[in-house]
Amino acid sequence: MTFLLCLSVAVEEANPVMASAPIAPYNSSPLGNSSSQNASRESLKMEPLADVAVLPGEERVIDKEIIYICPFNSAVKGKVSITNYRLYFKNTDSETPVTLNVPLGVINRVEKMGGASSRGENSYGLEITCKDMRNLRFALKQEGHSRRDIFEILFKYAFPLSHGMQLFAFLSQEKYEENGWNVYEPLEEYRRQGLPNSEWRVTFINKNYELCDTYPTILVVPYKATDEDLRRVATFRSRCRIPVLSWFHKENHAVITRCSQPLVGMSGKRNKDDERYLDVIREANGTTKLTIYDARPNVNAVANKATGGGYEGDDAYQNAELVFLDIHNIHVMRESLKKLKDIVYPNVEESHWLSSLESTHWLEHIKLVLSGAIQVADKVSSGSSVMVHCSDGWDRTAQLTSLSMLMLDSYYRTLGGFQVLLEKEWIGFGHKFASRIGHGDKNHADQDRSPIFLQFIDCVWQMTKQFPTAFEFNERLLVVILDHLYSCRFGTFLYNCESARESNNVRVKTVSLWSLINSDTSLYINPFYTPESSRVLYPVASMRHLELWVTYYIRWNPRIQHQQQSPVEQRYKELLALRDQYLKKLEELQLSDSAPSSTHLTNSSTPNAATPNQHITHLQTPF
Amino acid sequence: MLSLGTGGAKSSKPSFVSYVTPEEIKLDKDLPKKEKHPDLLPGEVVFCSANPILKYTQDDLSQRGVFGTLFCTNFRVTFLSDELTLEETSKTFKNKLYGENDIPLMCVDHIYGVYDEKRKLITGSLVKNKYPSKIIIHCKDLRVFQFCLTFTKEEDTKKIFQGIAHHCLEEKSLKCIFAFSYAGTPSPEMQRKRETIMFESPEDWTQEMKRTKAKCRLVTENENFELSQRLPKYFVIPSALEDLFSYQEKGLPIWCWSHHSGCALFKASFPPMTQEEGDFQMHLDTMINAVAHNYLYSVKTEDLSESLPTILDIQQSYNKFKQFFLIDNSTEFWLSDVKWFSSLESSGWLDIIRQCLHKAVEVVECIDKDNTNVLVTEEEGTDLCCVISSLAQIMLDPYYRTLMGFQSLVQKEWVAGCHAFLDRCNHLHQKDKECHSPVFLLFLECVWQLVHQHSPAFQFSETYLTVLSDSVHVPVFSTFLFNSAHHRESVMKAESPPAQSGTLSCPTVWDWSVQFDSKAQNFFFNPLYSEKVKHEKTVRKPHKPKHQRQLSLPSSAFKTPPKKGFFKEETDSLKKMLRVKRISRWMGSPDSLVAATREFYESWQQRPLDYHGLLLPCLDGPAVHVWMQRYVRWIPEVHIQGGGSMAVMTKLMELLSQVQDLKNLLEQRDASQAAKFDHRPHRLFSFGSSGRLSSSFPFAYSRNRSFKPIIPTGLMQSLMVTDNLSSQEDEAS
């Protein structure tokens, strides 16, 4: 039985994106060949959810006859099953399957729709707002409080933390070949960057989170700064988030450092230790002026003085140059995404698509984030060290450092490197995932929620779009990351910081998302990837090139074109298979007659010679 | 001097921002005064020239200029740099007729003069008064040239300015077009041309009818344009029509294409149908009846002049649209970036494209789903009729998605079909604005949307479409020079040199060797094209599998079964239908209409895609795109170094040539054993240089590109977040 279960998991994971899309009756639905998937599931005869493979540790809570009010077709009669992990719906009224497979983690809000006396067809039921750009509506029979039990169960299991229950990640019994918790070893990553060295040292001052409770335990700081210096600097930085190294340029020794805002306040306080510390950072590679990128708009930085924050003034920091990057705060981003959802779900705005898109400002925010990161990357590659902060240094700062690192360092563009980048700059340095996403929390109107990480992934997508050969991973990886940002199935994005994860034993009690990814990497590989180690990627941050990520934001709409695979990719794979076929044929011919033309053969196959591994995978590609 | 950080707009903003002030340029007086002359085409004559002229370059955003000589000939305005230009020779995609510093006269769109920092449009009256210090030339292929005239002697300035203004802007006669002076020898490689069906002979039409199994009647009575000068030389009409001479000037339904079911697409030039003249009504009834007779007594008529934008709307919209791409400098670029999407929308151009595609889908639905004959009409019968009928044919018939098929289609519907290219493209700079309209470009735009959405279905590439759209403004080809078949023939006869017996032979645009060598022509082919597997015919079962997107959708998917019935009933219902049609024209209210086509699209989308079957475009907002290659190729700010779709294409090409090599190798080995050997020369898929290409490849080359990124300016102006959200703190605490 265990064996069977594992198998079923593998089957589902062959199509993780698809798993939650409304498939039918559109067979050519996003990224998936649902029919074959269903077939294999059926052949496995999985219980208890009929034709969907349950996860180890997943338990069914309730089944119910229900009507799904599909916005793209009409009302569909069927059965809904709710487990401690997901909501699963399957229609019973027609042959063309309509299914929904929604992890409860994506649910933002559950509401009752209509009352017992409401008139009109299907006016009594539930409305579910999701975090992943869709809403679901169900109708029930208008008798005997038919929705009461399902509403209560849904409310409880979708928001377990509000009901004193555990997130599914702690209940899951999934097992994978790979252990994703091992992908990031801070010391190893710093060693890869060439650290520590004579300019920068590793400090364990935060090993018990005593210096800063939202920072990781291992930090890299200027060689010349003592631990005592660090403690004094911490008093002058918001939430003690002192400037520490994020990335080191091996050739020119310029660095990207990150921190929070200085506690200047209304009176314009100064702190000699902080000023000295920044100068030490600057001196490490002989940068003439340390560039401080304040991600906020100028006015916001000024306004922050009122609450004790502020920015580095000219007088106090004479060897520094301050640049404001004009990126707006989390509330603006949240509202922007809300507007975007309004124009794409359920119906794509028809008559004024472009101006509607513009009025959401979503792409303009993307443009600002990208151009900020370009400036950071440009400065560093020209040999000057930089410091990046916003207010607390965990939202916009994380976006800017990680994007500029992605531009500067090709390692982060590999499948493994990207995981390291996320673990380091986002998870390690305390992007408040729990607050921004609201995992398992019923308070849907929480002002702390904001799609900052989604915005970052969108920026990465924009880069992959502009440089289709520069990234080892594909779009699917980005979508899967976003799906599990909400799903609560893995521990990776849970909690606000490392100290919280440690005290909750996340690494022991939950599975890492990277375990899933790294157990079958072939799904996430971009076939066009061409490694170019020394190349700095500068995307064009112009609205002419920025596009709405249709395959993510509008993926629930069956009418918007979703090609299973881009035709280019498909053709490329076909050709790879054909090449291997020819190579094999030639090899056979050569074996049979051992002709002297063998030299020619090797010549023609060298530039992109197929590794044995490729041989196996591509020969299976149907041609 | 332009500074990048300030974000542009000042209170007293000059409409022209200079990159370099004249003082900054050191005039190298020791330059060897070697007279340089452009390489002239056979038949080309220099009118005037001036030296030294400073040409501003935008390459690498370095904002510098190059000195050289400006010439105006009967073919082009050309700039010859004093510096050695190396890149021209190494270019893989080089046009043999004109280079990157040449502007064919016909390609000039607008000329601006800069007078005291103010940019003014040059028109006739301005020419005589004052000479500008700089001229800015906007081209129809969206290039922008800027020349500084202040270094030249005054009389030279006067000469060159007047010369350029005169030859580019003044109304001229057809005879003055370079094509009639061009004495290029017809290339020996006429093979390509021959493969394209020109529809200039009865055989071509018979062949086409045979190919589509049409049961219509070929008309040869107009061979000498006795029936009408507005009708094609040869054309095909419903077989039920007789006695052509009595109908001639009232418009005839002209056959375009037949569906395998038997129903067909016709187009006609009819005056607006509201006209209630009894005589004309009778004519109309006869015509519609004749079309209905073609197959099962069913017909749908569509008056395009009522349901689609007028050619004037099209012209105005395009004029707005193209302005967004004619960018003089970086400041302007970033300023316009702010309101990019709403600017695009305000031009309405993408919406016109969507409307045309939508109309074509409606036509396709009638033909393919309902198996109904369709008659599209408009007043001229040669504008939107051509757009819609050509688009419908591309969606219905995979043959037109091959390169030769597409060229034949353009010949059939547009060239032989008497589209008034000369008037619509305004080659003669006529002041009368009513008849100018980029109708053919609109068609290419629509095709590009299809190519963009379903690339593997097309044998030609977007580069091909871009080059074709450019070629319209190259005054060498006969293809785009005339208003009708009659016009073409009469002019060609009149302009023939008397010594020779034959008529003048301008090359057609399809003779691509006139512009590009064979290596460059490889860019016309789409490496993604999935060619039809040849042995499929022998394997194919009599019944098409239901799940395939075939030419015909299985009727079970639709509620209305194909019409079948007896003669009598059908004619009755036909009469009723016709009466209704004359009032309501098409199927119903626009809303239900949109819903109907959407259903058609969705049912098509459900089926697995067959690139050799019916092809429909997605017309939702996010699916309609700007033809980036055509419109932004010359704008350096938009070029992605080593990126864009070109990066992927390059990899694909590399692999393709590898596979090709291997295949050849295998075939050579096979050849020694078996007699079967493919002698066709294999197309060479390679971009030549393996260096890092820009996303604008193969058009604009950027030289000496540094690795400096382009940092947007004026960012904050864009985001006027007015609510108080922006001033809130990130954390509530």
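Please state, rounded to one decimal and in Å, the Kirkwood hydrodynamic radius that region B:93-156 gives when every pair of distinct Cα atoms enters the mean of 1/r.
13.0 Å
On average, how much area does the Cα convex hull of region B:440-487 cover when viewed from any direction, in nm²?
Mean projected area of the Cα convex hull: 3.9 nm².
Show log10 I(q)/I(0) for region B:322-371 at q = 0.14 Å⁻¹, two decimals, from a solvent-free Debye sum over equal Cα scatterers.
Computed log10 I(q)/I(0) values: -0.52.
If you rank A:Glu569, B:Glu221, B:Glu413 by how much accessible surface each has, with a 1.4 Å probe, what is the order from largest down?
B:Glu221, A:Glu569, B:Glu413
Buried accessible area for the B:A pair, summed, 1.4 Å probe, in Å² rounded to 100?
Chains B and A together bury roughly 7600 Å² of accessible area.
Using a probe of 1.4 angstrom, how much of the accessible area of region A:447-567 is carbon and sulfur, in percent? Walk me through the numbers before you get to the answer.
Numbers: 1510 of 3270 Å².
In region A:447-567, the share of accessible area belonging to carbon and sulfur is 46 percent.
Using only the Cα atoms, work out Rg/Rh for region A:375-456, with Rh taken as the Kirkwood radius, to two decimals.
My calculation of the ratio gives 1.04.
Once ligands and nucleic acids are excluded and a 1.4 Å probe is used, how much of B:Tyr56 is accessible, expressed in Å² to the nearest 10?
20 Å²
I'd like the carbon and sulfur percentage of the solvent accessible area for region A:272-366, probe radius 1.4 Å, heavy atoms only, ligands and nucleic acids excluded.
49 percent
Taking the alpha carbon gyration tensor of region B:132-235, what are the square roots of 5 times its eigenvalues, largest first, to the nearest whole Å? If you can, show how the numbers build up before the last one.
Numbers: eigenvalues 451, 61, 41 Å².
Equivalent-ellipsoid dimensions as semi-axes: 47, 18, 14 Å.
Show log10 I(q)/I(0) for region A:118-224 at q = 0.10 Å⁻¹, two decimals, from a solvent-free Debye sum over equal Cα scatterers.
Taking Cα atoms of region A:118-224 as identical point scatterers yields -0.63.
Any idea what Rg and Dmax come out to for region A:175-242 if you just take the C-alpha atoms, in Å?
14.3, 46
For region A:65-119, what is the accessible area per residue in Å², given a 1.4 Å probe and the full set of protein chains? Don't skip to the answer; put the middle values down first.
Numbers: 2270 Å² over 55 residues.
Accessible area per residue: 41 Å².
In vacuum, with every alpha carbon of region A:140-282 counted as one equal point scatterer, what does the Debye formula give for log10 I(q)/I(0) at q = 0.08, 0.14, 0.22 Å⁻¹? Two decimals, please.
-0.42, -0.79, -1.30
Only Cα pairs under 8 Å and at least 6 apart count here; give the relative contact order of region A:64-113 as a rounded whole percent.
After rounding, I find 24 percent.
Measure out, as a whole number of angstrom, how far apart the alpha-carbon centroids of region A:95-174 and region B:280-329 sit.
One Cα centre to the other: 50 Å.
About the Cα centre, and with charges only on the beta carbon of Lys, Arg (+1) and Asp, Glu (-1), how big is the dipole of chain A? Nearest 20 debye, please.
For chain A, the charge dipole is close to 940 debye.
Based only on the alpha carbon positions, what is the Kirkwood hydrodynamic radius of region A:264-305, in angstrom?
Numbers: mean 1/r = 0.0831 Å⁻¹.
Radius from the Kirkwood sum: 12.0 Å.
When a/c is below 1.5 the answer is rounded, else prolate if a/b is larger than b/c, else oblate, so apply that to region A:293-337 with a ≥ b ≥ c taken from the square roots of the Cα gyration tensor eigenvalues.
Oblate is the answer for region A:293-337, as a/c is 1.5 or above yet b/c matches or exceeds a/b.
Compare the peptides A:367-377, A:307-317 by average per-residue count of other Cβ atoms within 10 angstrom and give them in order, highest first.
Highest-to-lowest ranking by the protection proxy: A:367-377, A:307-317.
Mean projection of the alpha-carbon convex hull of region A:289-397 over all orientations, in nm²?
Mean projected area for region A:289-397: 8.3 nm², to one decimal.
What is chain A's relative contact order, in percent, from Cα pairs under 8 angstrom and six or more apart in sequence?
14 percent
Got a sec to turn the phi values of region A:240-256 into Karplus ³J(HN,Hα) couplings, 6.51 cos²θ - 1.76 cosθ + 1.60 with θ = phi - 60°, whole Hz, x for Gly and Pro?
Running phi through 6.51 cos²θ - 1.76 cosθ + 1.60 with θ = phi - 60° gives 6, 7, 6, x, 9, 6, 9, 8, 10, 7, 4, 7, 9, 6, 6, 10, 9 Hz.
Which helices of chain A meet both criteria: a Cα extent of 27 Å or more along the helical axis and a mean Kyte-Doolittle score no lower than -1.0, with helices taken as whole DSSP H segments? Provide the component values of the computation, followed by the final result.
On the way: long enough: A:362-381 (29 Å, 0.61); A:567-593 (38 Å, -0.91).
Helices passing the filter in chain A: A:362-381, A:567-593.
Write down the accessible area per residue of region A:465-517 in Å², having rolled a 1.4 Å probe over the full set of protein chains.
In whole numbers, region A:465-517 has 27 Å² accessible per residue.
Write down the Å³ per residue value for the convex hull defined by the alpha carbon atoms of region B:320-448.
So the per-residue hull volume is 146 Å³.
Bin width 5 Å, origin at 0, all Cα-Cα pairs of region B:249-406: what percent of pairs per bin?
It works out to 2, 9, 16, 16, 16, 13, 10, 7, 5, 4, 2, 1, 0, in whole percents.
Kirkwood-based Rg over Rh for region A:141-202 (C-alpha set), two decimals? Write out the running numbers ahead of the final one.
Values: Rg = 23.5 Å, Rh = 16.7 Å.
Result: Rg/Rh = 1.41.
Quick one: which bits of region B:613-646 get at least 50 Å² less accessible when the partner protein chains are in, versus the chain alone, with a 1.4 Å probe?
Checking the loss per residue gives B:Asp620, B:Pro622, B:Ile640.
Just want to confirm a number: the relative contact order over region A:69-217, from Cα pairs under 8 angstrom separated by 6+ residues, in percent.
Numbers: 167 pairs, mean separation 18.9, N = 149.
After rounding, I find 13 percent.
For region A:322-345, list whatever residues lose no less than 10 Å² of accessible surface once every protein chain is in place, relative to that chain by itself, with the probe at 1.4 Å.
Buried by the other chains: A:Asp326, A:His328, A:Asn329, A:Ile330, A:His331, A:Val332, A:Glu335.
Any idea how far apart A:Asn252 and A:Glu188 come out in nm if each label point goes 7 Å out from Cα toward Cβ?
3.1 nm
May I ask you to give the solvent-accessible area per residue for region B:320-471, in square angstrom, as obtained with a 1.4 angstrom probe? Mind dumping the intermediate values first?
Values: 2830 Å² over 152 residues.
Dividing the accessible area of region B:320-471 by its residue count gives 19 Å².
Take the Cα radius of gyration of chain A and divide it by 2.2 N^0.38 Å, with N its residue count; two decimals is plenty.
Scaled against compact globular proteins, the figure is 1.04.
Keeping all protein chains in place and using 1.4 angstrom, which order do A:Lys573, A:Lys224 fall into by accessible surface area, from largest down?
A:Lys224, A:Lys573
Taking only the alpha-carbon atoms of region B:409-480, what semi-axes of the equivalent ellipsoid follow from 5 times the gyration tensor eigenvalues under a square root, in whole Å, largest first?
Listed largest to smallest, the semi-axes of region B:409-480 are 24, 12, 12 Å.
Hey, what's the per residue convex hull volume over the C-alpha atoms of region B:373-527, in cubic angstrom?
Per residue, the Cα convex hull of region B:373-527 comes to 131 Å³.
Using modelled backbone amide H atoms (1.01 Å from N, in-plane), which distant-in-sequence or interchain residues come within less than 5 Å of A:Thr83's amide H?
Answer set, sorted by chain and number: A:Val61, A:Tyr88.
The values are calculated or read from the model by the stated rules, or taken from the named source; none is laboratory data. As the structure is a computational prediction, the values presented were derived from the model and not from experiment. Glycine gets a Cβ as well: all are built from the backbone with ideal geometry, and neighbour counts include every protein chain shown. The accessibility values were calculated without ligands, DNA or RNA, using every heavy atom of the protein model including side chains. Shrake-Rupley method; radii C 1.70, N 1.55, O 1.52, S 1.80 Å.
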